[in-house]
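Input: a single structure, listed below in C-alpha cells.
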Amino acid sequence: SAVISQKPSRDICQRGTSLTIQCQVDSQVTMMFWYRQQPGQSLTLIATANQGSEATYESGFVIDKFPISRPNLTFSTLTVSNMSPEDSSIYLCSVEGGLGSPGNIQYFGAGTRLSVL
Amino acid sequence: DAKTTQPTSMDCAEGRAANLPCNHSTISGNEYVYWYRQIHSQGPQYIIHGLKNNETNEMASLIITEDRKSSTLILPHATLRDTAVYYCIVTSTGTASKLTFGTGTRLQVTL
C-alpha cells in the first residue's frame, strides 16, 4: 500500500489567514483526493486533485476557498483560504492507483487537524 | 452511488466475532461494496471489498447476500485494537472512484 505523509499534522490558525497542507506519497499514483472531516462528523470529499490541470470540486466547495495544486504524480497541496472558525476540521489526503497497489482502493493520510481561532 | 444504512453502534467482547451489517437495497449491478474503518485520530483504513461473491482477507470476511441488497463484515476474533468506526460504502469502480462516507457503525470491543 502507498505511504502518505501529510504536513502539518496539526495547526492553530488565526481568523482571516490561510494554511497550505501538503500531501506526499512514496510512489506515483493516478488519483489524489482531499476530504474534510468536521468535528464529530463523517468525511466529505472536497475535490479530486488532477495532475496538470485544475482540480474537480464537489458541490459546496469552490476553488477560491480551497485552491489545490498537483504538480506531479506524488505530491499535492490544499490551501484553506481566509479561514474562519467554521473551517476547524481534520483535512485528509487520499490516493488511489499506486504502483503495486490493487486498483480502486484508496489509502488515506493521517490527516491535518486544523483549529481556527 | 447507492445509499447505505448501518447501525449507529455495536459492542463486541474481545475474542468473539464481530458481525457488522449494512443495507444497500438500491445497489446497482456495477456497484461494489467497500468497507473502511477509522480508528480514533487516524485516517480511514481499507478493509475489504466485493461485488457479489463472499470475500476473505487477512483482516476480515465480507458476506454479500444473493440479491446484493445487504452485506455483513465479519471480524473473526475482535481485539481491542478493532475499536473504530466502520464504514460501508457502495460505489462503482470507475476511474474516479469517489467515496461517499455515511455515518458508519461505531464498534466498541470490550474485555
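Quick note: the coordinates plus some simple rules give every number you see, no bench work behind them. Everything numeric in this text was worked out from a predicted model, so none of it was measured. Note that we place each Cβ from the backbone using ideal geometry, even for glycine, and neighbour counts take in every protein chain shown.
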inquiry  = For a quick check: with amide H placed at 1.01 Å from N, whose amide H comes under 5 Å from A:I21's, ignoring anything fewer than 5 positions away on the same chain?
reply    = A:L78, A:T79, A:V80
remark   = A:E86 and B:L51 label points (each 7 Å along its Cα→Cβ direction) are spaced in nm at 4.3
Sequence-distant residues sharing a close amide H with A:C13 (under 5 Å, placed H) = A:S115, A:V116, A:L117
ask   = segment A:1-71: which trypsin sites (Lys or Arg not before Pro) are DSSP loop and have at most 13 other beta-carbon atoms within 10 angstrom?
value = A:R15
query = When N is the residue count of segment B:61-111, what does its C-alpha Rg come to as a fraction of 2.2 N^0.38 Å?
reply = 1.37
query = What ranking do B:C12, A:C13, B:C22, A:C93 get, fewest neighbouring Cβ atoms within 10 angstrom at the top?
reply = A:C13, B:C12, B:C22, A:C93
request  = Please report B:H49, B:H24 as a ranked list, fewest other C-beta atoms within 10 angstrom at the top and most at the bottom.
outcome  = B:H49, B:H24
task = With θ set to phi - 60°, apply the Karplus curve 6.51 cos²θ - 1.76 cosθ + 1.60 along segment B:18-34 and write out the HN-Hα couplings as whole Hz, x wherever there is a Gly or Pro.
result = 9, 10, 10, x, 8, 9, 9, 5, 9, 4, 9, x, 9, 9, 9, 9, 10
task = Please list the radius of gyration and Dmax for segment B:1-40, considering alpha-carbon atoms only, with Å as the unit.
result = 12.9, 36
remark   = Among the Cα-Cα pairs of the protein assembly as shown, the proportion with separation greater than 31 Å, in percent, is 23
inquiry  = Averaged over its residues, how many other protein chain Cβ atoms are within 10 Å of peptide B:34-43's Cβ atoms?
reply    = 4
key: Viscosity 1.002 mPa s, 20 °C: Kirkwood-radius Stokes-Einstein D of chain A over Cα pairs, µm²/s   = 152
query = Mind listing the phi-derived Karplus ³J(HN,Hα) values for segment B:84-89, rounded to whole Hz, using 6.51, -1.76 and 1.60 with θ = phi - 60°, and x for any glycine or proline?
reply = 5, 9, 10, 10, 9, 10
ask   = Simple spin-label model, 7 Å along Cα-to-Cβ: B:T8 to A:E58 in nm?
value = 2.3
task = Would you grab the residues whose amide H sits under 5 Å from the one on B:M10? Only those 5+ places off in sequence or on another chain, please, with H modelled 1.01 Å from N.
result = B:R106, B:L107, B:Q108
message = What's the whole-number percent of alpha carbon pairs in chain B lying beyond 17 angstrom?
response = 50
ask   = Residue by residue through segment B:97-104, which ³J(HN,Hα) values in whole Hz follow from phi under the Karplus form 6.51 cos²θ - 1.76 cosθ + 1.60 (θ = phi - 60°), with glycine and proline marked x?
value = 7, 6, 9, 9, 8, x, 7, x
message = Running a GNM on chain A with Cα contacts under 10 Å, which residue among A:I46, A:I105, A:I90 ends up with the highest mean-square fluctuation?
response = A:I105
Of A:F61, A:F33, A:F75, the one that fluctuates the most in a GNM where chain A has Cα springs shorter than 10 Å = A:F61
At R0 = 25 Å, FRET efficiency that the Cβ-Cβ distance of B:R106 and A:R10 yields, to 0.05 = 0.60
For B:R68, B:R37, order by how many other beta-carbon atoms lie within 10 Å, fewest first = B:R68, B:R37
